[in-house]
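See structure below.
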Amino acid sequence: MKEVNIIKALTFIEPGPVVLVTTFNEQKQNVMTISWTMPTDWEGGIALTTGPWNYSFQALMKTKECVIAIPPADILEKVIQIGDISGEKTDKFSLFNLTPLPAKTVQAPLIQECMACLECKMTDYIEKYGIFIFKTTRVLINESCLDKKMIHAIGDGTFIIDGEKKDCRSLMADKLPPDL
């Protein structure tokens, strides 16, 4: 074993997948790229971390809702570019040719090009760490999305694209909730 800088810890524990988070505030929709998310329970709880440096932060704080969209791997470069510019003066949906679709339980739009969209409402905010806690109110799957591979950030500017899927459900049957 070789000791390395503590910053490298992130590259082993980066949660992923990389997601697109849409917001809607004062007649303006926006989308940002985030990789710091995680499930909090089996009932659709999701934690997401961001802060005031992101334009979407104010919309999240004001509206307390968003859509977490799961982009397919075939739009990786677009996903990175979305995260590289602010939506304050840019319509990212137009710039990146994303198709916003209406959601039912939140004002933020769904993204047609994504493989799944989760409509979410904030239930808590942990200010010290910039952690939003959301409850998923609706899940939509894009059955026409051909690329089902997800993007995972390593944290150092590199990414891993999902590969082979292995079914080990039988080994975990006693731990999984019904209907999962």
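Per the conditions (1) touching a Leu at 6+ places or on another chain (Cβ under 8 Å); (2) polar (S, T, N, Q); (3) over 22 Å from L101 (Cα atoms), the sole criterion not satisfied by T33 is (3). If I filter the stretch 77-119 down to residues being aliphatic (A, V, I, L, M) and more than 27 Å from G45 (Cβ to Cβ), which single residue comes out as nearest to the chain's Cα centre (by Cα)? Among those residues, the one meeting the criterion is I80. Filtered by the rule that a residue be part of a strand (DSSP E or B) and either touching a Leu at 6+ places or on another chain (Cβ under 9 Å) or on the phi > 0 side of the Ramachandran plot (or both), the stretch 98-123 gives P100, L101, L110, I111, A116, C117, L118, E119, C120, M122. Has the stretch 131-149 got at least one residue that is charged (D, E, K, R), assigned to a strand (DSSP E or B) and closer than 29 Å to K62 by Cβ? For the stretch 131-149, residues charged (D, E, K, R), assigned to a strand (DSSP E or B) and closer than 29 Å to K62 by Cβ: present.
Between A69, A59, the distinction of being within 15 Å of C117 (Cα to Cα), surrounded by 15 or more Cβ atoms within 10 Å (Cβ to Cβ) and either of a type in the set (A, V, I, L, M, F, W, C) or more than 16 Å from the chain's Cα centre (by Cα) (or both) belongs to A69 only. Is it the case that K78 is in a helix (DSSP H, G or I), over 15 Å from T158 (Cα atoms), modelled with pLDDT of 95 or more and of a type in the set (K, R)? It is false that K78 is in a helix (DSSP H, G or I), over 15 Å from T158 (Cα atoms), modelled with pLDDT of 95 or more and of a type in the set (K, R).
Say we look at the stretch 82-97 and pick out the residues that are in a loop (DSSP other than H, G, I, E, B) and among the small types (G, A, S); which of these is surrounded by the fewest Cβ atoms within 10 Å (Cβ to Cβ)? Restricting to residues being in a loop (DSSP other than H, G, I, E, B) and among the small types (G, A, S), the top hit is S86. Close Cβ contacts (under 9 Å, 6 or more residues apart or on different chains) running from residues in the stretch 163-180 that are surrounded by 10 or more Cβ atoms within 10 Å (Cβ to Cβ) to residues that are outside any loop (DSSP other than H, G, I, E, B) comprise L176/R169. Among the residues of the stretch 150-159, those that are in contact (Cβ under 8 Å) with a residue 24 or more places away in the chain and either of a type in the set (V, I, T) or outside any loop (DSSP other than H, G, I, E, B) (or both) comprise I151, H152, A153, I154, F159.
When the stretch 1-56 is filtered for residues that are without any contact (Cβ under 8 Å) to a residue 60 or more places away in the chain, of a type in the set (A, V, I, L, M) and farther than 24 Å from A116 by Cβ, the ones remaining, listed by number, are M1, V4, I6, I7, A9.
Number of residues in the stretch 42-58 that are of a type outside the set (S, T, Y) and either at positive phi or assigned to a loop (DSSP other than H, G, I, E, B) (or both): the value is 7. The residues in the stretch 59-74 that are within 15 Å of V19 (Cα to Cα), of a type in the set (A, V, I, L, M) and either without any contact (Cβ under 8 Å) to a residue 60 or more places away in the chain or assigned to a helix (DSSP H, G or I) (or both) can be counted, and the count is 3.
The values are calculated or read from the model by the stated rules, or taken from the named source; none is laboratory data. Keep in mind that this is a model prediction, so the values were computed, not measured. So basically every Cβ, Gly included, is an ideal-geometry build from the backbone, and we count neighbours across all protein chains shown.
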